[in-house]
Each structure stands twice: as C-alpha cells, then as structure tokens.
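Asks: To start, I am sharing the structure in question, which I have written as structure tokens.
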Amino acid sequence: MAAQYVEERDGGYFVAGTRISLDSIVHAFRRGEPPETICQNFELLSLEEAYGGAIAYYLAHQPAIDAHPARQNEIWKQARSAAQPLPEALRDKLQRARQDLRSTHPS
C-alpha cells in the first residue's frame, strides 16, 4: 500500500502528519531548490516525503494546487468585507495605546 504524503485540512494542503504546508514546499521547488535543500529547511520532512510525496503530488495536481492561493485570497477578501468594523471607542483606545507606546519606546 502506498503511503499518503499529502493531506487536505483546514482549507490547505499539508505534508501528512505535519504542519508543513505544501505551498511552502512548492515555493521552494519553484525557486529551484532541490529536495535535499528543502529537507534541510524543513527538518521534519524526510527526503522520501519531499520527492515521493509533496513534489510528486504537486506535479500530479498542479492546476488545483496552483489555483489554491487564489482561492484562499478570495476567501480572505470576502471575510474582510463581511467583518464588522471596530467600534469607534475601541479604535480610539487602541490608537491612544499605540501613541503611548511610541512615545515610551521611540524607534
């Protein structure tokens, strides 16, 4: 039985059993990083998971994976437009706190 290397959860794709997103591996792969370097950057990722799992999965499902960030951006845009604005009193309080912080700790 073949191992399942990629799972879809919480609206994203991840290396199975980890918090390593497929998107982060795909970005590294597209930058030209070899799987060995990708594994060095993600210590929990085995070479088998990189080659046989994440990269192979991406190549087999490239249109869907490439469309994923655009879908996520649309979801975030809809959520932002549906979000309620902060009440004015709270916004003013946060602004005062931000100003106090800047005057206490100048850059």
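Coordinate-derived values only; no laboratory data. Since we're looking at a predicted model, the values are computed, not measured. When we count neighbours, we look across all protein chains shown, and the Cβ atoms used for this are built from the backbone with ideal geometry, even at glycine.
Asks: If Lys and Arg each add +1 and Asp and Glu each add -1, what is the summed charge of the other residues whose beta carbon sits under 13 Å from the beta carbon of residue 92?
Replies: On the way: positive: 91, 93, 96, 98; negative: 88, 100.
Summing Lys/Arg as +1 and Asp/Glu as -1 gives +2.
Asks: Follow-up question, since we're still on this one. In a Gaussian network model over the chain where Cα atoms closer than 10 Å are linked, find which of 83, 56, 64 has the largest mean-square fluctuation.
Replies: 83
Asks: Mind telling me which of 31, 91, 19 comes out most flexible in a GNM of the chain, alpha-carbon contacts under 10 Å?
Replies: Among 31, 91, 19, the largest mean-square fluctuation in the Gaussian network model of the chain belongs to 91.
Asks: Could you work out the relative contact order of region 6-104, using alpha carbon pairs under 8 angstrom and six or more residues apart, expressed as a whole percent?
Replies: Relative contact order, region 6-104: 18 percent.
Asks: Hey, what number do you get for the chain at 222 nm if only DSSP H runs of n ≥ 4 count, each worth -39500 (n - 2.57), divided across all residues, to the nearest 500?
Replies: Roughly -17000 deg cm²/dmol at 222 nm, from the helical runs in the chain.
Asks: What's the Cα-based Rg to Rh of the chain, Rh via Kirkwood?
Replies: Details: Rg = 20.3 Å, Rh = 16.9 Å.
Over the Cα atoms of the chain, Rg/Rh equals 1.21.
Asks: Among 65, 82, 40, whose Cα lies farthest out toward the positive end of the dipole of the chain, if unit charges sit on the beta carbon of Lys, Arg (+1) and Asp, Glu (-1)?
Replies: 82
Asks: Give the calculated FRET efficiency between residue 74 and residue 18 to the nearest 0.05, with a Förster radius of 25 Å applied to their Cβ-Cβ distance.
Replies: On the way: r = 26 Å, r/R0 = 1.05.
Taking R0 as 25 Å, the efficiency between residue 74 and residue 18 is 0.45.
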